[in-house]
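K.L.:
Let me give you the structure first, and then I'll get to my questions.
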Amino acid sequence: MLCQHSSSIILTNLAAPIMPITIPFVHRENPQAQAGWLDALRSAMPDYKLCDLADLSVNERASIDVAIVADPDPSDLATLPNLKWVHSLWAGVERMVAERPDNDLAIVRLIDPRMAESMSEAVLAWTLYLHRDMPHYRQQQDRKLWESHQLPLPSERTIGILGLGALGQRCAIRLKDNGFNTVGWNRTGRMLEGIETFSGPDGLTEMLAHTNVLVVLLPLTVETRGLLDTHRLSQLPAGASLINFARGPIIDDKALLTHLDTGHLAHAVLDVFDQEPLPTDNPFWTHPSVTVLPHISGPTNRTTASAIVATNIEAYVTNGTIPPSVDRKTGY
Ligand code: NAP
């Protein structure tokens, strides 16, 4: 069939419709979140058949080599025998890496500048909260106490960021742009322009010694689990504070509570915990020097995340490229 399109003539073959490629969504989301994600993914990928895993027959599952995942149940993934790689909708894939330790499945995590923007907004907001002594003024209000305290310049506060990856880098730049003396710690020693960077155990000791607010943005790996134990926390100067926006098990909770109780640490802003939701009898809920947040510091935006997933899957379908995936040796 010939059809006229602007000034060109295009030859189309209506006799052979192309079957859309099926991409399953494998997740442990609630029905509302599932529907929201399917809507967003379908809008971003109109040429594909996006469906829930449950809607695929055994035969259909055998033809699947890529899936979109959100904290998938490993037993669900096991029903896809020819799966080569998965694209996560989350930036943190620690649970999946632990549940699928085999090397034969490539796990691609979400790297979304929009999320880095949102995370850096949260890090800046809570750093300002600590910088402006807000926990202290809140406690004074409870006692109806009218008393002002000296306010240091932002440049007199050192913010130490553990982890200078997709999220940590953006946070470091944003804090620096707001006048804070910002330093960071990473594994490889890769430098970040304008930010003093430390690495290795000695580098961590050096950085902690002059950090007033410690921001945790590390992945949870064999090396980072329990990293902030009593020894490391005691290396922070008296009166330092801590923000954990990464993963709960990076910090030894008992050690943290002890350092808060003794007053060595002034305050902790915690968004992530060993167990989530945080059990109601956990002492963090009622501790006067702790702010509890329900894992909201770096939310995934469905629209921008779906657009990134769409671009990556399109590249794979077009030329077989799989985006960089989690390194199973380092765990991130
Ligand atoms: P990323 O891009 O993989 O960056 C990880 C950073 O940590 C890198 O700078 C890396 O060093 C450093 N690192 C890893 N292992 C280390 C070690 N043993 N010693 C020192 N540094 C180490 O990760 P991201 O995208 O920034 O995300 C970080 C974490 O944030 C995620 O894994 C997730 O757990 C968490 N997260 C939380 C939320 C939330 O809402 N609370 C949202 C999204 C993500 P190199 O640069 O040298 O490789």
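The values are calculated or read from the model by the stated rules, or taken from the named source; none is laboratory data. Being a predicted model, the structure only gives us computed values, none of them experimental. Glycine gets a Cβ as well: all are built from the backbone with ideal geometry, and neighbour counts include every protein chain shown. Calculation scope for accessible area: heavy atoms of the full protein, side chains included, ligands and nucleic acids excluded. Shrake-Rupley method; radii C 1.70, N 1.55, O 1.52, S 1.80 Å.
K.L.:
Which of the aspartates and glutamates could a cross-linker span from LYS254 if the Cα-Cα distance has to be under 18 Å and same-chain partners fewer than 8 positions apart are dropped?
P.N.:
ASP229, ASP271, ASP274, GLU276, ASP281
K.L.:
Do any GluC sites (Glu not before Pro) in the range 165-261 lie in a loop, going by DSSP, with at most 16 other beta-carbon atoms within 10 Å of their beta carbon, and if so which?
P.N.:
Filter output for the range 165-261: GLU193, GLU223.
K.L.:
While we're looking at this one, here's another question. Say a paramagnetic label sat at a point 7 Å from the Cα of ALA33, along Cα to Cβ; which residues of the range 253-286 have their backbone N under 14 Å from it?
P.N.:
Correct set: 276-278.
K.L.:
With a 1.4 Å probe and all protein chains left in place, how much accessible area per residue does the range 118-203 have, in Å²?
P.N.:
That works out to 58 Å² for each residue.
K.L.:
If you keep only loop residues by DSSP, which trypsin sites (Lys or Arg not before Pro) in the range 17-80 have at most 16 other Cβ atoms within 10 Å of their Cβ?
P.N.:
Passing sites in the range 17-80 are ARG28.
K.L.:
Could you tell me which of rounded, prolate or oblate describes the chain, using a ≥ b ≥ c as the square roots of the eigenvalues of the alpha-carbon gyration tensor, with rounded for a/c under 1.5 and, failing that, prolate when a/b is larger than b/c and oblate otherwise?
P.N.:
prolate
K.L.:
So how much slack lies between LEU145 and SER57, counting 0.36 nm per residue of separation and subtracting their Cα-Cα distance, in nm?
P.N.:
25.0 nm
K.L.:
Moving on. So, with +1 on the Cβ of K and R and -1 on the Cβ of D and E, and no other charges, what is the size of the charge dipole of the range 66-164 about its Cα centre, to the nearest 20 debye?
P.N.:
Roughly 360 debye, rounded to the nearest 20.
K.L.:
Here's another thing I want to ask about it. Kindly provide the trypsin sites (Lys or Arg not before Pro) of the range 125-213 that DSSP labels as loop, not H, G, I, E or B, and whose Cβ sees at most 14 other Cβ atoms within 10 Å.
P.N.:
The qualifying sites are ARG132, ARG143, LYS144, ARG190.
K.L.:
Let me ask another. Give the shape of the range 115-292 as rounded, prolate or oblate, defined through the alpha-carbon gyration tensor: a ≥ b ≥ c are the square roots of its eigenvalues, a/c under 1.5 means rounded, and otherwise the shape is prolate if a/b is larger than b/c and oblate if not.
P.N.:
Judged from the Cα gyration tensor, the range 115-292 comes out oblate (a/c at least 1.5, b/c at or above a/b).
K.L.:
Follow-up question, since we're still on this one. Leaving ligands, DNA and RNA out of it, rank TRP85, TRP126 by accessible area with a 1.4 Å probe, largest first.
P.N.:
TRP126, TRP85
K.L.:
Follow-up. Roughly how many debye, to the nearest 20, is the charge dipole of the chain about its Cα centre, given +1 on each Lys and Arg Cβ, -1 on each Asp and Glu Cβ, and no other charges?
P.N.:
That gives the chain a dipole magnitude of about 440 debye.
K.L.:
Right, next: Please figure out what share of the DSSP beta bridges in the chain is antiparallel and state it in percent, rounded to the nearest 5.
P.N.:
In the chain, DSSP labels about 10 percent of beta bridges as antiparallel.
K.L.:
Given the range 168-274, what percent of its DSSP beta bridges are antiparallel, to the nearest 5?
P.N.:
5
K.L.:
How many Å² of accessible area per residue for the range 230-332, probe 1.4 Å?
P.N.:
Ligands and nucleic acids excluded, the figure is 48 Å² per residue.
K.L.:
Summarise the accessible area of the chain (1.4 Å probe, protein heavy atoms) by the percent that is carbon and sulfur.
P.N.:
Result for the chain: 54 percent of the exposed heavy-atom area is carbon or sulfur.
K.L.:
Could you sort 273-282, 308-317, 213-222 so that the peptide with the highest average Cβ count within 10 Å comes first and the rest follow in order?
P.N.:
Packing proxy ranking, top to bottom: 213-222, 308-317, 273-282.
K.L.:
What's the magnitude of the charge dipole for the range 115-292 around its Cα centre, counting Lys and Arg as +1 and Asp and Glu as -1 at the beta-carbon? Answer in Debye, nearest 20.
P.N.:
The calculated dipole for the range 115-292 is roughly 200 debye.
K.L.:
Taking H as built 1.01 Å from N, whose amide H comes closer than 5 Å to the amide H of PHE198, not counting residues under 5 places away?
P.N.:
Counting only residues 5 or more places away or on other chains, the set is GLY184, TRP185, ASN186.
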